[in-house]
1. Considering region 29-49 alone, what residues qualify as being within 15 Å of ligand 1 (Cβ to nearest atom) and either assigned to a helix (DSSP H, G or I) or among the basic types (Lys, Arg) (or both)?
2. Regarding region 88-107, can at least one residue be identified that is among the charged types (D, E, K, R), over 24 Å from Gln197 (Cα atoms) and modelled with pLDDT of 95 or more?
3. Would you mind finding the one in Ser108, Ser96, Ser75 that is within 17 Å of Phe8 (Cβ to Cβ), in contact (Cβ under 8 Å) with a residue 24 or more places away in the chain and not β-branched (Val, Ile, Thr)?
4. Looking at Gly131, is it in a loop (DSSP other than H, G, I, E, B) and at pLDDT 95 or above?
5. Quick one: in region 171-211, of everything that is closer than 20 Å to Arg149 by Cβ, touching an Asp or Glu at 6+ places or on another chain (Cβ under 9 Å) and assigned to a loop (DSSP other than H, G, I, E, B), which residue is nearest to ligand 2 (Cβ to nearest atom)?
6. Of (1) away from ligand 1 (no atom under 16 Å from the Cβ); (2) part of a strand (DSSP E or B), Ala10 satisfies all except one. Which?
Amino acid sequence: MPPKTGHFIAIDGIDGVGKSTQIHGLERLLGELGMEFLTTRDPGSSEIGQRLRALLLESQLTMHRRTEAMLFMASRCEMVETTIRPTLAAGKSVISDRFLLANVVYQSVSDGPTGVSPDLLWQMGELANGGVHPDLTLLLDMPAEQALRRIEGPTDRMESRGAEYMESVRQSFLTELPRASPFTAVIDAARSPEEVQAEIRKAVENYLSAST
Ligand SMILES: Nc1ncnc2c1ncn2[C@@H]1O[C@H](COP(=O)(O)OP(=O)(O)OP(=O)(O)O)[C@@H](O)[C@H]1O
Ligand SMILES: Cc1cn([C@H]2C[C@H](O)[C@@H](COP(=O)(O)O)O2)c(=O)[nH]c1=O
């Protein structure tokens, strides 16, 4: 029998959809359920990941879409090996603000010939993740124009690609979601924070009762 590991929950969606806001509520839920957990952020959550995050989101920098794809993968590899894998192996759970699904959709969507195919990105993801996958992926979904209006302050390199790019990313999220993990849920994020949180709680409770 394989050793018992913690639960791995990823939360994803287009920029401005409310992930950070909802992760606070998800952390409260896991705490109420008596679960020990760690929250990570992709890209980030390791020293190399933090440096790659700064590089990847720097608004003045241009890079080829394949370069971008591989740098996001490298950041995730470090996060998995320094943080996620040891946490799960210790029997604790992980909430990840984004994971491989984001890499597949953001780097496959392109306004030119430079996008990378989703199949290739899923394969590269296997190398980067070393076999670590979320058990449950929560996709926060809403129209891109509405989500981008929620963003305050200067836009980063990805956000500045605009509403048309982000709407294509949204559609790709919906298409690719079933490949992200054994359990998935699409959450309507265009409602109040409390309504969104209630739906997230329901999805997590359904997953926990189905998986134990
Ligand atoms: N359900 C909601 N209704 C209205 N505003 C919201 C809702 N959820 C979050 N917001 C607001 O929208 C903005 C973006 O939210 P948040 O930072 O949680 O999104 P995010 O998905 O983490 O964004 P990013 O991908 O850019 O990091 C914040 O100002 C937040 O207060
Ligand atoms: C993991 C990952 C992320 N991105 C994009 C998605 C966002 O635009 C930024 C990250 O910013 P956030 O505040 O943490 O949402 O990067 C991507 O293009 N590819 C990826 O693999």
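1. Residues of region 29-49 within 15 Å of ligand 1 (Cβ to nearest atom): 39-45.
If the condition is that a residue be within 15 Å of ligand 1 (Cβ to nearest atom) and either assigned to a helix (DSSP H, G or I) or among the basic types (Lys, Arg) (or both), then Arg41 is the only one that fits.
2. Pass one, region 88-107, residues among the charged types (D, E, K, R): 92, 97-98.
Subset that is over 24 Å from Gln197 (Cα atoms): none.
No, because not a single residue in region 88-107 is among the charged types (D, E, K, R), over 24 Å from Gln197 (Cα atoms) and modelled with pLDDT of 95 or more.
3. Working: Ser108 fails: within 17 Å of Phe8 (Cβ to Cβ); Ser75 fails: within 17 Å of Phe8 (Cβ to Cβ).
Of the residues listed, the single one that is within 17 Å of Phe8 (Cβ to Cβ), in contact (Cβ under 8 Å) with a residue 24 or more places away in the chain and not β-branched (Val, Ile, Thr) is Ser96.
4. Working: in a loop (DSSP other than H, G, I, E, B): yes; at pLDDT 95 or above: yes.
Criteria met by Gly131.
5. The selected residue is Ala189.
6. Of (1) away from ligand 1 (no atom under 16 Å from the Cβ); (2) part of a strand (DSSP E or B), only one is false for Ala10: (1).
The values are calculated or read from the model by the stated rules, or taken from the named source; none is laboratory data. None of the values given here were measured: they were computed from a predicted structure. Ideal geometry is used to build each Cβ from the backbone, glycine not excepted, and the neighbour counts take in all protein chains shown.
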